[in-house]
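The values are calculated or read from the model by the stated rules, or taken from the named source; none is laboratory data. Values in this document were obtained by computation on a predicted structure and should not be read as measured data. Because the Cβ atoms are built from the backbone with ideal geometry, glycine has one as well, and the counts that use them run over all protein chains shown. Remember, those area values only see protein heavy atoms, side chains included, never the ligands or the DNA or RNA. Shrake-Rupley method; radii C 1.70, N 1.55, O 1.52, S 1.80 Å.
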Amino acid sequence: MGKKTTIIQSAIEVFQEQGIEKTKISDIVKRAGIAQGTFYLYFPSKLALMPAIAEVMVAKTMEIVKRTVDDQADYPKQFEQMVDAIYEVNKEYYEILAVIYSGLASTEHIREWESVYAPFYEWISGKLEAAKLEGAVRQTIKPDRTAKIIIGLIESTAEQVFLYAHHDESEADRQKEEVLDFLMHALQFQTVK
C-alpha cells in the first residue's frame, strides 16, 4: 500500500474514532506510521483528505454495485439490484459516510463532489442509454441527468435510514420498495421482446 493510501486509510480510522474536529494531523500520521512532513506532500490539511476518502467510498460502492448487478437480468431487475447494493453499502459503511459528509460540507471541497461521482454517473448513464436503445425505458430520458438523479435519490433515501435514523431494517425495506416503485414509474420500464 502506498503512502497516500495509508494516509487515507489511517485518516478514515482516526476520524471514525475521534471525529473530524478532535482529530489532529499528528493523530493521522501516528496511525499511518509516517512523518508529519510526508502527510503534507499529499494533503495541505486534514480536510483536504475528504475528497480522497469520498473517492475511496465511491470506488467501493461501484465495485459492490457492479458485482451485485446481473448484466443479463432485465433492466428493472438490474435497477432493483443496484438499489439493494447501495442500501447495503450505506448500512455497512454509514460511519465513514457520515465522516465524508460532515467533512465535505464544512470545506470548499464540496465542489469536488461531482468529479468524485463522475465514474458512477457514467456507469448508470450507460445502463440507461442501453435500456433506451432497446426501448426498455421511456425515450425522453436524458441518461446523463437521470443518472445523477437516480444516485441522489437512492443514496439520500438510504442515508435517511442508516445515517440519520436508527438502523430499522423494516424501515429500510419500506424505503427501498418506495424508491423502486418511484424508479419503475419514472423510467417507465417496458418489456423488451
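The table that follows gives values for the structure above.
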quantity: Selection count, region 127-149, where residues are open to solvent by less than 30 Å² (accessible area, probe 1.4 Å), of a type in the set (A, V, I, L, M, F, W, C) and more than 15 Å from Lys77 (Cα to Cα); calculated: 2
quantity: Residues of region 135-159 classified as out of contact with any helix residue (DSSP H, G or I) (no Cβ under 8 Å at 6 or more places or on another chain) and farther than 19 Å from Pro51 by Cβ, total; calculated: 6
quantity: Residue count for region 77-98, restricted to those that are modelled with pLDDT under 90, touching a helix residue (DSSP H, G or I) at 6+ places or on another chain (Cβ under 6 Å) and under 16 Å from Glu169 (Cβ atoms); calculated: 3
quantity: Selection count where residues are at pLDDT 75 or above, open to solvent by 30 Å² or more (accessible area, probe 1.4 Å) and either farther than 14 Å from Val56 by Cα or of a type in the set (Val, Ile, Thr) (or both), scope region 99-120; calculated: 1
quantity: Hits in region 119-159 (condition: basic (Lys, Arg) and in a loop (DSSP other than H, G, I, E, B)); calculated: Arg138, Lys142
quantity: Near pairs, Cβ below 6 angstrom, 6+ apart or cross-chain, from region 148-160 (under 19 Å from Trp123 (Cα atoms)) to any residue that is of a type outside the set (Val, Ile, Thr) and part of a helix (DSSP H, G or I); calculated: Lys148/Tyr121
quantity: Members of region 37-93 that are over 23 Å from Glu134 (Cβ atoms) and not in a helix (DSSP H, G or I); calculated: Phe43, Pro44, Ser45, Lys46, Tyr93
quantity: Region 24-57, residues that are under 25 Å from Tyr117 (Cβ atoms) and not hydrophobic (A, V, I, L, M, F, W, C); calculated: Tyr42, Pro44, Ser45, Lys46, Pro51, Glu55
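Matching residues to (1) touching a helix residue (DSSP H, G or I) at 6+ places or on another chain (Cβ under 7 Å); (2) loosely packed, with under 13 Cβ neighbours inside 10 Å; (3) not in a loop (DSSP other than H, G, I, E, B):
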residue	(1), (2), (3)
Ile8	yes, no, yes
Glu13	yes, no, yes
Gln16	yes, no, yes
Ser26	yes, yes, yes
Ile34	yes, no, no
